[in-house]
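Presented below is the structure to which this report refers.
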Amino acid sequence: MEIGLLIGALIVLSGIIYFVLNSRMQKKIQESNDKADFTIKEAELVAKRKIDEAETKAEKIMSQAQQNNEQVKLQKIQEAREKYSQMKVEFENYKAEHKVEMKERELAAISAEKDLQSKTKELDSRAESLEMKEADLNVLRENLEVQLKIVAKKKEELDQANEIRIKELESVARLTEQEAKDLLMDAIRAKSESEALTIEKEAISNAKLNGNKEAKKIIIQTIQRMAAEYTIENTVSVFTLDSDDIKGQIIGREGRNIRALEAATGAEIVVDDTPESIVISSFDPIRREVARLALKRLVTDGRIHPAKIEEVVAKVKKQLDEQIIEIGEKTVIELNIHGLDAYLIKMVGRMRFRSSYGQNLLKHSMETANLCAVMAAELGLNSKQIKMAKRAGLLHDIGKVAEEESELSHALLGMQICEKYNEHPVIINAVGAHHDEIEMNNIISPIVQACDAISGARPGARREIMESYLKRIGELEELAMSYEGVQKAFAMQAGRELRVIVESDKVTDQVADDLAFMISQKIQDEMQYPGQVKVTVIREKRSVAFAR
């Protein structure tokens, strides 16, 4: 009940509030409308006043503009009159100039017409002369045709006469035309080959003249500044005994001691009737040295049996390895070579126990190293190149003492060893190229090759095996006998000179000179030999008659 009363009161109160608010709003709207009407009326009055003022100003401006237009029109008319008078003056001037130009063109046309007439006359005269020349040419052409017919007839007659003469010559010479041509070509070819050989010899001799003199001078000075010893080594070593009584102890019961020694050292022990000596034979000098030192220790100790032999050989091998390294170090110190790898130093020491053609390899390598340094200095190279030349000279035969077996030549094997142990590329090339197995790419390589040849070819440096020596001598003589006209050939002075005897009726003096040159070139290209070989061709003409 109370709630219903409360709701009714609220509704009545809401209606009262709405009525009050509505009346207030109506009043405010009426006031706003009144104010708006007043404002519009006021604005209309203001606008009317401004329009009147604007019309007044516009009338004043229009009147002033009419006055200004009159003045402008007068001014424009005046300017137009001035321009018209100016253009009239310019037109008169242009007209006068045009008249002058027309007169000049008229004069030029008259002169051109005169020139054209003169040229026309000249062309007419030329045409007449050309017609006359054409007539002359026709006459000449007819005469030429007649002459050509006469020439053709003469040629036929000459060809017939030549055929008759050729047949006559063939019957006299008993040769056909082709055979005569072949003989002539053979003669020309032989003469050309002879002249070509002469020119080649002259060119080579002229090219080598100054170079040979200077090279000989440098080589002679280099050799003179080097003192080398004569070295001969064998493949056997002789161990001297105090008495022959010790031989039996060395042989042992049923030869067991000597067999143990041979097995441990790899060398052959020869005990024969030679008084107070034992022969140690091996192609490897290091093995021979191990056997010799082991025998020396065993004989000094007096206790010789297989166990003791193996113990002593092992100690000797270790001692010899140390000695090899010491020899290598001593060598590089003596030659003042620095920075060499330890393995290469060991290889240098091994050279001491290796020989080549009877020449000790270490002595040869040291000699080559010193020769390389001297020759490099003689050639004017700098200090760095001189040191490199000496180093390459020492290592050039390092491949001969390699520990591993290889099918490569000692030069290429030595090149691989130097490359493996980081030697300079110049030294690697010099080692590999000193027998021309690879191409040389620096100045040190030919120096090493030349000094290797000098050291190996000097008298007493090497001992040639008799078999290879006889083979080389035989090859020299066979090479000379292979040429036509050679009657005999003799190798003399240990193969340093080749004397060739030719048949005088087959070989002329000129051909003898060419033959000597060709044989020397063939020896140089195909054979290997120390030093040089002198070729002497002997042509002798003997006439024999008997008085009866």
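Nothing in this text is a laboratory measurement; each read-out follows from the coordinates by a stated rule. Quick caveat, the model's predicted, so the values are computed rather than measured. Heads up, the Cβs are rebuilt from the backbone with ideal geometry, glycines too, and the neighbour counts pull from every protein chain shown.
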> ³J(HN,Hα) across the stretch 506-519 via Karplus (A = 6.51, B = -1.76, C = 1.60, θ = phi - 60°), whole Hz, x for Gly/Pro?
Replying inline: 10, 10, 7, 4, 5, 5, 4, 4, 5, 5, 4, 5, 5, 5
>> Test of understanding: what is the full-extension gain from residue 149 to residue 3, defined as 0.36 nm times their sequence separation minus their Cα-Cα distance?
In response: 36.3 nm
>> Whole percent per 10 Å bin, from 0 to the bin with the longest distance: what is P(r) over all C-alpha pairs of the stretch 85-133?
In response: 23, 22, 18, 15, 11, 7, 3, 0
>> List the trypsin sites (Lys or Arg not before Pro) within the stretch 294-365 that DSSP assigns to loop and that have no more than 14 neighbouring Cβ atoms inside 10 Å.
In response: 303
>> In 5 Å bins starting at zero, report the fraction of Cα pairs in the stretch 51-135 per bin as a rounded %.
In response: 3, 11, 7, 7, 7, 6, 7, 5, 6, 5, 5, 4, 4, 4, 4, 3, 3, 3, 2, 2, 1, 1, 0, 0
>> Output wanted: per-residue J couplings in Hz (rounded whole) for the stretch 184-198, from phi through Karplus 6.51 cos²θ - 1.76 cosθ + 1.60, θ = phi - 60°, x for Gly and Pro.
In response: 4, 5, 4, 5, 5, 4, 4, 5, 5, 4, 4, 5, 5, 4, 4
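For a 26 Å ceiling on Cα separation, which of these pairs sit above it: 73/95; 318/384; 27/48; 191/522; 400/471; 346/387?
Beyond 26 Å: 73/95; 318/384; 27/48.
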>> Checking the cross-link filter: which aspartates and glutamates have an alpha carbon closer than 15 Å to that of residue 60, excluding same-chain neighbours under 8 positions apart?
In response: 52
>> Under 17 Å between alpha carbons, and skipping anything fewer than 8 positions from residue 149 in its own chain: which aspartates and glutamates qualify?
In response: 157, 159
> So in the stretch 466-539, what percent of DSSP beta bridges are antiparallel if you round to the nearest 5?
Replying inline: 50 percent
> If we count every other residue with Cβ under 10 angstrom of residue 452's Cβ, Lys/Arg +1 and Asp/Glu -1, where does the sum land?
Replying inline: -2
> Taking H as built 1.01 Å from N, whose amide H comes closer than 5 Å to the amide H of residue 277, not counting residues under 5 places away?
Replying inline: 241
> If you average the sequence gap of Cα pairs under 8 Å that are 6 or more apart and divide by the length of the stretch 345-463, what percent do you get for the contact order?
Replying inline: 26 percent
> Given H placed 1.01 Å from N in the peptide plane, which residues other than close sequence neighbours of residue 536 have an amide H under 5 Å from its amide H?
Replying inline: 498, 499, 500
>> Can you tell me which lysines have their Cα less than 16 Å from the Cα of residue 247? Leave out same-chain residues fewer than eight positions away.
In response: 296
>> Using each residue's phi in the stretch 432-441, evaluate 6.51 cos²θ - 1.76 cosθ + 1.60 at θ = phi - 60° and report the 3J(HN,Hα) Karplus result to the nearest Hz, with x for Gly and Pro.
In response: x, 9, 6, 10, 6, 8, 10, 7, 7, 10
> Near the amide H of residue 355, under 5 Å away, which other amide H atoms are found, from residues 5 or more places off or on another chain, if H is placed in the peptide plane?
Replying inline: 361
>> If I model a spin label as a point 7 Å beyond the Cα along the Cα-Cβ vector, how far apart are those points for residue 131 and residue 277 in nm?
In response: 12.8 nm
> If you keep only loop residues by DSSP, which GluC sites (Glu not before Pro) in the stretch 344-410 have at most 11 other Cβ atoms within 10 Å of their Cβ?
Replying inline: 403, 404, 405, 407
> For the stretch 466-539, what ratio Rg/Rh do Cα atoms give with a Kirkwood hydrodynamic radius?
Replying inline: 0.96
